[in-house]
Structure formats: C-alpha cells, structure tokens
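The values are calculated or read from the model by the stated rules, or taken from the named source; none is laboratory data. This structure is a prediction, so every number in the text was calculated from the model and none was measured. Note: ideal-geometry Cβ built from the backbone for every residue, glycine included; neighbour counts use all protein chains shown. Heavy atoms of the whole protein, side chains included, go into the accessibility calculation; ligands, DNA and RNA do not. Shrake-Rupley method; radii C 1.70, N 1.55, O 1.52, S 1.80 Å.
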Amino acid sequence: MGALIQATVYQNTDQFVAKHPNQEDKKQVKEKGEFQKSSFVEFFETNFEGALSSLSSNITDEQLNEVSSAFLKALSSTKYKIKDAAYRAEDDAYVVQVEIQGFNGASILAEVMTPLAEKYQAGELSNEQLVNELINGVAKRYREPVELLPTKTVPVHVVRNGEKDYEVLTQDEYLLTFAQQS
C-alpha cells in the first residue's frame with residue numbers, strides 16, 4: 001500500500017521499489033512503479049481537461065502539464081501513515097487502514113473559480129479566457145502552500161495477486177482523501 005502511494009501521490013518510483021513486497025525482481029517492480037506514476041498523471045490531466053471541455057477544446061498539453069505539475073507539488077505536502085492491515089477471509093482481501101492528512105481540492109478550485117465566474121457571467125471573459133485564467137489560477141494556487149486538513153483514516157481494500165504482488169481494487173479509496181472534493 002505504501003509503495004503505491006509513493007508512486008502515485010508522491011511520484012517517487014525509488015520509494016515504490018523500496019516499499020514493494022517483491023524485492024527479487026527490482027527491474028519489473030520499477031517498471032510497475034513508473035507505470036503507476038505516469039498513469040496517475042494521465043488520469044489527473046484527462047479528468048481536468050474533461051471538466052473544462054464544455055468551455056474549450058483548445059487546452060494545450062503545456063497547460064495540462066502546468067496544472068498537473070502544480071497539483072503534484074500540492075500533493076507533496078500531504079502526509080500518510082499505514083495504521084493497520086487485516087485479512088478478511090470472506091472477501092479474500094486485506095483491508096488496510098491508512099491515516100491521511102490531505103487538503104481540500106474543492107475549496108482551492110472554488111477560491112480560484114468564484115471571482116472568474118463572476119467576471120464570466122458579467123460578460124467580461126470569453127470561454128477561452130475563462131479557461132486560460134482558471135488553469136493559470138489553479139496552477140498558481142497549487143504552487144502556494146496548501147492547508148492540510150485534520151487526519152482522516154480510510155479503509156483501502158487490497159487483494160493478493162500472485163506470490164509477492166498486491167493490487168488496490170479502487171485507488172479512489174485513498175486518492176480522494178489526499179485531495180478532498182468536499
């Protein structure tokens with residue numbers, strides 16, 4: 001579990017390898033960590049672009065890289081601790097309790113979006129201008145210190161996949177606590 005958090009949230013494949021239970025095939029483990037790392041960024045960028053697609057179809061890769069890089073900087077300030085893991089025979093899975101101190105991503109977005117929405121509704125911004133200012137504002141805000149929320153413990157379901165591999169069934173079980181949307 002700690003290995004996956006390192007690769008996704010903290011973008012650290014060296015720590016993914018160090019914390020992964022399979023220490024025999026480090027090359028394969030590193031490749032898996034690189035895949036998790038890049039998939040996380042692609043997933044974020046796809047979702048971010050999709051959320052803005054009704055306003056603009058001209059979002060550039062540079063803009064997506066800018067906002068995802070800033071988002072990752074904000075995530076780097078979060079904290080976590082693996083508290084406990086228990087095997088549940090009825091599910092043939094482990095439930096890992098993870099303590100996470102994340103930030104409120106929704107309030108950051110609202111902080112940037114509210115004044116822009118007022119300008120947009122007043123006709124002061126076109127769709128393209130709104131999207132550009134939103135991307136720049138969100139990236140700028142994520143580069144600033146984020147306030148961490150009180151620690152929250154979340155259960156994460158993990159299944160064994162072979163001898164020394166484990167898979168998290170739904171990464172949202174923990175990811176949505178690092179950057180909370182409420």
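Subtracting the Cα-Cα distance of Arg160 and Ser54 from 0.36 nm times their residue separation leaves 34.1 nm of extension gain.
For the range 57-102, the spread of Cα coordinates along the three principal axes comes to 50, 25, 10 Å, biggest extent given first. Compared with the direct C-alpha span, the chain from Asn22 to Ala106 gains 26.6 nm at full extension, assuming 0.36 nm per residue.
Considering every alpha-carbon pair of the range 1-87, the percent of pairs per 5 Å bin, from zero through the bin containing the longest distance, is 3, 14, 20, 19, 16, 13, 8, 5, 3, 1. For the chain, carbon and sulfur atoms together expose 49% of the accessible surface, with a 1.4 angstrom probe and every protein chain in place.
Distances between every pair of Cα atoms in the range 25-64, grouped in 10 Å steps from 0 to the bin holding the largest one, split as 28, 36, 21, 13, 2 percent. The listed residues Glu31, Glu128, once ranked by accessible area (1.4 Å probe) with the largest placed first, stand as Glu31, Glu128. With the simple model of a label 7 Å out from the Cα in the direction of the Cβ, Lys152 to Asp172 spans 1.4 nm. With all protein chains kept in place, the per residue accessible area of the chain amounts to 55 square angstrom at a probe of 1.4 angstrom. Straight-line reach from Lys152: taking Cα to Cα under 23 Å and skipping same-chain neighbours fewer than 8 places apart, the lysines in range are Lys19, Lys73, Lys79, Lys81, Lys83. The solvent-accessible area of Tyr80, taken with every protein chain present and a 1.4 Å probe, is close to 60 Å². Across the range 164-173, computed HN-Hα scalar couplings (Karplus, 6.51 cos²θ - 1.76 cosθ + 1.60, θ = phi - 60°) run 10, 10, 10, 10, 8, 5, 9, 5, 4, 4 Hz from first to last residue, x flagging Gly and Pro.
Here's how it looks for Phe103: its modeled amide H is under 5 Å from those of Leu149, Ala179, Gln180, which are all 5 or more places away or on a different chain.
With all pairs of different C-alpha atoms in the average, the Kirkwood value for the hydrodynamic radius of the chain is 17.8 Å.
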